[in-house]
Amino acid sequence: MTASSLNSREKRAAVTLASVFAFRMLGLFMLMPVLAIYGQELDGFSPLWIGIAIGAYGLTQAVLQIPMGWLSDKIGRKKVIVGGLFVFALGSVIAAMAESMQVLTLGRALQGMGAIASALLAFASDLSRDEQRPKVMAVIGMSIGMSFAAAMLLGPMVAASWGVSGVFWLTSILAVVGIFIVLLLVPKAINKAPKGDTLATMADIKKLIKHPQLARLDIGILLLHLSLTTIFVALPGQLISDGLIADHHWHLYIPVLVLAFVLMVPIMIIAIRKEKEKQAFLGSIALLMVSLLAMAIWVDSIIGLGICMLLYFVAFNFLEATMPALVSRLAPASQKGSAMGVYSSSQFFGAFLGGILGGYVAQVMSAQAVFAAAALVGLIWLILAWKMQVPPKSKIISLMTQLSSEQQAQTLASRLVALPGVLEATVVRDENRSYLKINDKEFDLDQARKMAGLS
C-alpha cells in the first residue's frame, strides 16, 4: 500500500463512519418533504408549528455540536457517538408516538441533542493519516449527499404507507443500526488527530467570528440552509394544490436532484480550471435567488416549479460542495477544526431559522410569499458575498514536533514558513504539533519533516 492510497484501516473507517452519517441524515431528510402533508392529522397542526418542528432539530444541533466534540475528546469518540445515536433514537420514538405537533417538536429537539457530527468527523481524523484525511472526509461528504437524494425517494413512499410516525420509526431503527456499526465495525483509534484538525476551541472561535472572509462563509451557509428549510415548509403542500398527489412527489424530486448534480459538475470543473471560482460562486447565489423568485411567480404550475427546483438545486449543490473547501483554505493553519465547528453550527442554526421563517410566512400569508421571502434571503446573501475573496489553493497538514521551550517553537515556525510552498506555519507547543498551510505544487514534505525533527 502506497502513501498515496488509503490503507485497509482507513477504507474501513471511511465506509463505516460514512454509513453512520448516511443512516442518521437519511432519517432527518426524509421528514422534509412529508411533514407539511402528513402532519395535518396531528393536534395543533399549523404552518408555523410545521416550521418549528422542522427547525427544532437545527437549534439543538447548533447549540450542542461543539460541546459534544469537546466531550468526545474527554471520554472517547465511541462513547459520545453511541450515546448521541441513542438520544437520537429516543427522540425519534417520542416523535413517532406523538399525537400533537408540540410533542413531535419535542422529539425533533431531542433528536438534535444527539449532536455527533463533530465527534464523527474527529473520529474519522483519528483513524486516518494526514495525507489521506481529505479522501476519508470526501467519502463522508458524498454519503450525506446520497442520503438526501434517497430521502426524497423514501420519505414520500414511507409516509404514504405509514404516515409521519412510520418515518420516525424507520429513523429510530436506522439509529440503532448505526450504534451496532460503531460498536462492531468501526476500527479502534490508536492515535488522536490534533485538535486543530478537528475540534473547535472557545479561544479560537472568538477570533474566527471576527474574520471577515470566514464570517461571510458562515453567514452564507446559514442563509443557504435557511432557504432550503424555508421552501420545504410550503413546497409539498403547493405541489398537491397544483395536482401532484403526495405519493408521486418523488417522481419530481428524484429526476430534479439527479439532473441538478449532473449539471453542477461541469460548472465546478470549469470554475476550478479557469480560475473563475468567485464568479461561479456569485453566479450560483444569483441563480439561487432567481430560481426562488421564479418559484413565487410560477407557484401554480408543476412544470414551472420543477424547472425552478432544478435551477435551485444546481446552485445549492455547487455552493454546498465548494464552501467547506473555501473555509478550509481561509482558516488559520492551526484552527481548521474551530473554523469548521463555527461553520457547521451556522449551518444547523440556519435550518432552525428557515423553519421559523417558512412556518410564520406560510401561516400569515401564502406559499407564494414563502418562496418570495426565500428569494429575498438570496438577495441579501448576494450583497454580503459580493466582496468575498477567494483564497489561493492550499492544503493544511500537521507534523509532530518535540519542543522544549516557547522560544524553540517560535524559531521552528520561522524556519518552516520560509520553506518553498509554505503559506503559513503555526507551531503549538502544548500539542507538540506544527500546522502548515501549503501550496502542493511547491511544497517538499520530506524537507519539512527533516526540519521538524521527524527524520
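Any read-out appearing in this document is the output of simple, stated calculations on the displayed coordinates, not a laboratory observation. In this text the structure is predicted, and so the values were computed from the model without any measurement. Because the Cβ atoms are built from the backbone with ideal geometry, glycine has one as well, and the counts that use them run over all protein chains shown.
Of the GluC sites (Glu not before Pro) found in region 272-332, the ones in coil according to DSSP and having at most 13 other Cβ atoms within 10 Å of their Cβ are E275. Remark: relative contact order (the chain) = 21 percent; criterion is Cα-Cα distance under 8 angstrom and separation of 6 or more residues. Taking each of K207/K276; K11/K135; K135/K395; K274/K437 in turn, the alpha-carbon distance tops 18 angstrom for K207/K276; K274/K437. Placing +1 on the Cβ of every Lys and Arg and -1 on the Cβ of every Asp and Glu, with nothing else charged, gives the chain a dipole about its Cα centre of roughly 1520 debye. Projecting the alpha carbon convex hull of region 1-56 along each direction and taking the average yields 5.5 nm².
By the Kirkwood approach, averaging reciprocal distances over each pair of separate Cα atoms, region 1-192 gets a hydrodynamic radius of 17.0 Å. Its residue count N sets the reference 2.2 N^0.38 Å, and the alpha-carbon radius of gyration of region 395-451 equals 1.02 times that reference. Sparsely packed loop sites in region 40-134 (the GluC sites (Glu not before Pro) outside DSSP H, G, I, E and B with at most 13 other Cβ atoms within 10 Å) comprise E99. The residue list I144, L259, P391 was ranked by how far each Cα lies along the charge dipole of the chain toward its positive end, using unit charges on Cβ atoms, and P391 comes out on top.
Helical runs (DSSP H, four residues minimum) scored at -39500 (n - 2.57) apiece and divided by the length of the chain put the mean residue ellipticity at 222 nm at -25500 deg cm²/dmol. Restriction of the chymotrypsin sites (Phe, Trp or Tyr not before Pro) in region 350-445 to DSSP coil positions whose beta-carbon has at most 14 other beta-carbons within 10 angstrom yields W386. Taking the inverse of the mean reciprocal distance over all distinct Cα pairs, the Kirkwood hydrodynamic radius of region 201-391 comes to 17.2 Å.
Taking only the C-alpha atoms of the chain, Rg followed by Dmax gives 22.4, 72 Å.
What the Cα convex hull of region 140-277 gives, in volume per residue, is 200 Å³. Taking every alpha-carbon pair under 8 Å whose residues sit at least 6 apart, region 395-451 reaches a relative contact order of 41 percent. For the peptides 89-96, 212-219, residues were scored by their other Cβ atoms within 10 Å and the scores averaged per peptide; the highest-first order is 89-96, 212-219. Rounded to the nearest Å, what's the spacing between the alpha carbon centres of region 61-81 and region 248-299? Just the number, please. Their Cα centres are 34 Å away from one another. Label separation (S405 vs W386): 5.3 nm, computed from points 7 Å beyond Cα along the C-beta direction. Taken as Cα centroids, region 343-414 and region 417-452 sit 27 Å apart, rounded to the nearest whole angstrom. Residues whose amide H comes within less than 5 Å of that of E424, counting only those at least five positions distant or on another chain, are K437 (H built at 1.01 Å from N in the peptide plane). Placing pseudo-labels 7 Å out from each Cα toward the beta carbon at V364 and D43 gives an inter-label distance of 2.8 nm. Each of V299, V290, V167 has some number of other Cβ atoms within 10 Å of its Cβ, and from fewest to most they run V290, V299, V167.
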